[in-house]
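Asker: Sending over a structure as structure tokens; questions will come in a sec.
The values are calculated or read from the model by the stated rules, or taken from the named source; none is laboratory data. Because the structure is a prediction, the values reported are computed rather than measured. All Cβ positions, glycine included, derive from the backbone under ideal geometry; neighbour counts span all protein chains shown. We work out accessible area using only protein heavy atoms, side chains counted, and drop any ligands, DNA or RNA first. Shrake-Rupley method; radii C 1.70, N 1.55, O 1.52, S 1.80 Å.
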Amino acid sequence: RCAALVADGFDVRSNVGKQYTYRLSTASTRDPLRRLHEWHVPPRRGRPGWDAAAVASTAAAMLGTHSFAAFGNRPRGGERSVEVDPVCTLSELRLSQGGLSEASSAGRWAFTVRGDRFLYKMVRNLVGSLVKVGYGEMEGGELLEALADGRFRRGESVPITAP
């Protein structure tokens, strides 16, 4: 964390957006030193390998202003009764490969999600769904249909949530 000087007219309530980064490992074994900072999703036996191109193309199609109702969870507690507008603008939803060095980047990925606002657990649900696309457990078209319809055809809930 850091602090910085800002202009006199700055108002903390004038939020211009948020950014989240989810780190992911598709390696067959978990790195114990990264277990608290990285979601380990090993290859599934008998399934196709990780398809980064499918993830990237689906993510690119989700950019822009849409109703993300299918990807948000209902808030808990007192906020449960408050109606929330599900329309959000994603300016970036990108998958990039990388680690701290070229030797450590194999099987390491990062999702960067930037938008004007997010629904409760929306980013977790987006990333979890994109991981399913990456492993061929879900078609990218299913995510785009859910984006258009406001719900998944498989039911009312999101198929997988990232930690």
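Asker: Here are Thr26, Thr65, Thr21: which of them is surrounded by 12 or more Cβ atoms within 10 Å (Cβ to Cβ) and touching a Cys at 6+ places or on another chain (Cβ under 8 Å)? Reasoning before the result, please.
Answerer: On the way: Thr26 fails: touching a Cys at 6+ places or on another chain (Cβ under 8 Å); Thr21 fails: touching a Cys at 6+ places or on another chain (Cβ under 8 Å).
Exactly one of Thr26, Thr65, Thr21 is surrounded by 12 or more Cβ atoms within 10 Å (Cβ to Cβ) and touching a Cys at 6+ places or on another chain (Cβ under 8 Å), namely Thr65.
Asker: State all residues of the range 29-43 that are crowded, with 16+ Cβ neighbours inside 10 Å and among the aliphatic types (A, V, I, L, M); if no residue qualifies, say none.
Answerer: Answer for the range 29-43, where residues must be crowded, with 16+ Cβ neighbours inside 10 Å and among the aliphatic types (A, V, I, L, M): just Val41.
Asker: Among the residues of the range 1-18, count how many are open to solvent by less than 70 Å² (accessible area, probe 1.4 Å) and free of Cβ contacts under 8 Å to residues at least 12 places away in the same chain.
Answerer: Residues that pass the stated criteria total 2.
Asker: Return a yes/no flag: does the range 74-88 have any residue that is part of a loop (DSSP other than H, G, I, E, B), open to solvent by 30 Å² or more (accessible area, probe 1.4 Å) and of a type in the set (Asp, Glu).
Answerer: Initially, the range 74-88 is screened for residues part of a loop (DSSP other than H, G, I, E, B), giving 74-76, 82-86.
Next, from what is left, pick out any that are open to solvent by 30 Å² or more (accessible area, probe 1.4 Å): 74, 76, 82-86.
Add one more test, that the residue is of a type in the set (Asp, Glu), and what stays is 83, 85.
Checking the range 74-88: at least one residue is part of a loop (DSSP other than H, G, I, E, B), open to solvent by 30 Å² or more (accessible area, probe 1.4 Å) and of a type in the set (Asp, Glu).
Asker: Would you check which residues across the range 5-38 are assigned to a loop (DSSP other than H, G, I, E, B) and under 22 Å from Asp116 (Cα atoms) and list them? Can you show your working first?
Answerer: Looking only at the range 5-38, we keep the residues that are assigned to a loop (DSSP other than H, G, I, E, B), and these are 5-17, 26-31, 35-38.
Across the range 5-38, the qualifying residues are Val6, Ala7, Gly9, Phe10, Asp11, Val12, Arg13, Ser14, Asn15, Val16, Gly17.
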